[in-house]
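Report on the following structure.
The values are calculated or read from the model by the stated rules, or taken from the named source; none is laboratory data. Quantities reported herein were computed from a predicted structural model and do not represent experimental measurements. Cβ coordinates were reconstructed from backbone atoms using ideal geometry, including for glycine residues, and neighbour counts include every protein chain displayed. To get the accessible areas, we keep the full protein, side chains included, count just its heavy atoms, and leave off ligands, DNA and RNA. Shrake-Rupley method; radii C 1.70, N 1.55, O 1.52, S 1.80 Å.
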2 protein chains.
Amino acid sequence: MLTRSEEDHIKAVYALLQDNDSAFTKDIAERLRTKASSVTDMLKKLAEKKLVKHEPYYGVKLTAKGEAIALQLVRRHRMWETFLVNRLGFGWDEVHEVAEQMEHVASDKLIDKLDAYLGHPSFDPHGDPIPDKHGKIRARKTKRLSTCMQGDSVRIAAVSETTDGLLRLLDSKGLRIGSVLSVQEVHAFDGSMDVKPKSGAAFSLSKDVSHHLQVEAA
Amino acid sequence: MLTRSEEDHIKAVYALLQDNDSAFTKDIAERLRTKASSVTDMLKKLAEKKLVKHEPYYGVKLTAKGEAIALQLVRRHRMWETFLVNRLGFGWDEVHEVAEQMEHVASDKLIDKLDAYLGHPSFDPHGDPIPDKHGKIRARKTKRLSTCMQGDSVRIAAVSETTDGLLRLLDSKGLRIGSVLSVQEVHAFDGSMDVKPKSGAAFSLSKDVSHHLQVEAA
DNA sequence: ACCGTTTATTAGCCATGCCTAATCTTTTTT
DNA sequence: AAAAAAGATTAGGCATGGCTAATAAACGGT
C-alpha cells in the first residue's frame, strides 16, 4: 500500500513528465506546496520501492510500475471529475479539489462500477483523456492553440490547466470543450492571437491562455 | 480542520454512546484496532479542542460540538452507502469499507449535491437514519427483535451491525429491510426465536442475530 | 577557466500518531 | 478488608513526513 503522500508525489512526477522529459525536485516541491528537501527524501523512498528512477541532480523518471500507479490515479481523478460535473451538477472550475481527495479512495471495484455508471467515458469535463482499466489512453492528435497559424480552423479538445481562473475566463468568453474557432491573426510581439468563434464576434487571447488550449483540426 | 484519526475517534465515541451512556477507552481502542494508550492520548487532545468531555478512569462523552461533527460523519457515511448501493449496484454487505474512506472527503457542497441527487434519502441501505444537513435524525419507534414476544408481528426497519457475516446471513434467509415476520416462539434457554416470514416457512434466529435487528410494529 | 547563482542533497530538528512497559485507579473476588 | 484482576494512564520510544540551515553539485556569464 502507498501512503497518500507517496501517491501525491508520483502523480506530480507524472504530470511534470507530460511536458518535459525529466522532472526536477524544485518543480515537484512547488506543485505539492512543499520544500525541495522533503521531495528529495520522498524520491529516495520511492526509488527504493522501484517506482521512480532518481538520478541525483539530474531529475527523476517513473518506472513502468510507477507509471501504472500514476495512470490509475489519473483515471480515478478524471472519473470523479466526470461524476461531479455530469451527475452532481458541479461547474468544471469547482471540481479539482474534491476530486483530489476522492482519487485516494482505494477500491478497484468502486472505480469499475463508477466507470460503468458513467457510461465508460473517454474524456473528462476538461477534455482530458481518462485512462482505461489497464492504463491505456485513447490517442488524439491535438496541438496547443498557441502553435496554430493564421487561417487555421480548430475545435477545442481539452484545457490543460485546471485552475479556477483560466476555466472561468473561458466560461466568460463562451468557450468550452467542442467550441470551434478560427485564427484571425497572430501577434508576434506578445504571442497573443485574435480568434473568432463560429458564431459571435472575434476577440483576443493571450499566449498564457492559448498555450493551455489543446485543439484539433475542425 | 480535524485529522482523519481525530475524526475516527469521535465517530467511535459516538457509536459507543448509542448503546451506553459513557464510552470507555478499552472499547474505543478495540473499535479502532488500536491500543488503549493511543486512545488516551487522543482523548486528551480532543478534550483540549472541546470536542469531548473526558473524566479519566470514568469514560468519555461528546460535547455539543463533538456530537455535531459525529453527526456530519455519520451523514456522509450513510449517504455514500446509499449511493454505492442504489446507484452503483453494490451489495449492502460490500459498502462499509469504501464508505469508511469516502466519509473523510471534506466538502459540504459535495454532500449537499449528493443528497439532492439521491432524492434526500432518510435511511441508508441498512435502514439506519441519515442525519440531515443540520444533524437532525428522523425519529422512529423501533425496538430490537430480541425484545419481542410470541405473537408479535413486525417489520424489519434496520440492521444495526454492518459486518459482512450478518448481512449475508440475512440475505441467505431472504430477509431484508421491510420484510414482515411474526414471532412464533421464544426459547428461554438460549434466547433464540422461531419466526415466520409473511410468505415462506418458519425458521429460527439466534439471539446474536435478533439482537441486531431493529423492528417496528407491522 | 572561474565565480556567482541556482538547484539538490544532507544533517538535524519537530509534530503526529502509534507502540510497549511500567504505574496507577477502580472493581471484583475471596 | 486485603489481594487479585481489569482497565486507564503515563513514560519513553519509533516511523512518517514535514521543516530549516548548511553543504555540494551543476550551470551561465564573463
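Mind checking which lysines have their Cα closer than 27 Å to the Cα of residue A:109? Skip sequence neighbours fewer than 8 apart in that chain. Excluding near neighbours in sequence, the set is A:11, A:49, A:50, A:65, A:133, A:136, B:11, B:109, B:113, B:173.
A Förster distance of 35 Å, applied to the separation of the beta-carbon atoms of residue B:132 and residue B:180, puts the FRET efficiency at 0.80. Pairing chains B and A buries close to 1700 square angstrom of accessible surface in total, based on protein heavy atoms and a 1.4 angstrom probe.
The shape of region A:29-125 can be summarised by an equivalent ellipsoid whose semi-axes, obtained from the alpha carbon gyration tensor, come to 30, 16, 10 Å from longest to shortest.
For chain A, the longest principal axis of the Cα atoms and the long axis of helix A:36-48 meet at an angle of about 60 degrees.
Where the accessible area of the protein assembly as shown is counted over protein heavy atoms with a 1.4 Å probe, how much of it, in %, is carbon and sulfur?
51
For chain B, what's the relative contact order in percent, using C-alpha pairs closer than 8 Å and at least 6 residues apart?
15
A simple spin-label model places the labels of residue B:118 and residue B:48 3.5 nm from each other, with each point 7 Å out along Cα-to-Cβ.
Overall, the anisotropy analysis places region B:4-62 in the rounded class: the square-rooted eigenvalues a ≥ b ≥ c of its C-alpha gyration tensor yield a/c less than 1.5.
Helix B:64-86 and the longest principal axis of the Cα set of chain B meet at an angle near 50°. The charge dipole of region A:1-92, taken about the Cα centre with unit charges on the Cβ atoms of Lys, Arg (+1) and Asp, Glu (-1), comes to about 260 debye, rounded to the nearest 20. Using C-alpha pairs below 8 Å separated by at least 6 residues, the relative contact order for region B:143-217 is 45 percent.
For region A:108-218, the percent of C-alpha pairs falling in each 5 Å distance bin, counted from 0 to the bin holding the largest distance, reads 2, 11, 21, 22, 16, 11, 8, 5, 3, 1, 0. In plain terms, the bigger the Kirkwood radius, the slower the diffusion; for chain A, with that radius from Cα pairs, at 4 °C and 1.567 mPa s, Stokes-Einstein puts D at 69 µm²/s.
Counting heavy atoms of the protein chains alone, residue A:138 has an accessible area of about 140 Å² for a 1.4 Å probe. For residue B:165, the distances from its label point to the matching points in the remaining copies are 5.7 nm, ordered from shortest, with each point set 7 Å beyond Cα toward Cβ. Report, in degrees rounded to the nearest 10, the 0 to 90 angle that the Cα long axis of helix A:108-117 makes with the longest principal axis of chain A. With both axes taken from Cα atoms, the answer is about 20 degrees.
Hey, can you find the accessible area per residue of region B:143-217 for me, probe 1.4 Å, expressed in square angstrom? Solvent-accessible surface per residue comes out at 52 Å². Shape verdict for the protein assembly as shown, please, from the Cα gyration tensor: rounded (a/c under 1.5), prolate (a/b greater than b/c) or oblate. Here the protein assembly as shown falls in the prolate category. Heavy-atom accessible surface of region B:4-62, averaged per residue, reaches 64 Å², computed with a 1.4 Å probe. Of interest is the spacing of the C-alpha centroids, which for region B:65-89 and region A:150-218 amounts to 42 Å.
Give the relative contact order (percent, whole number) for region B:4-62; include only Cα pairs under 8 Å separated by 6+ residues.
35
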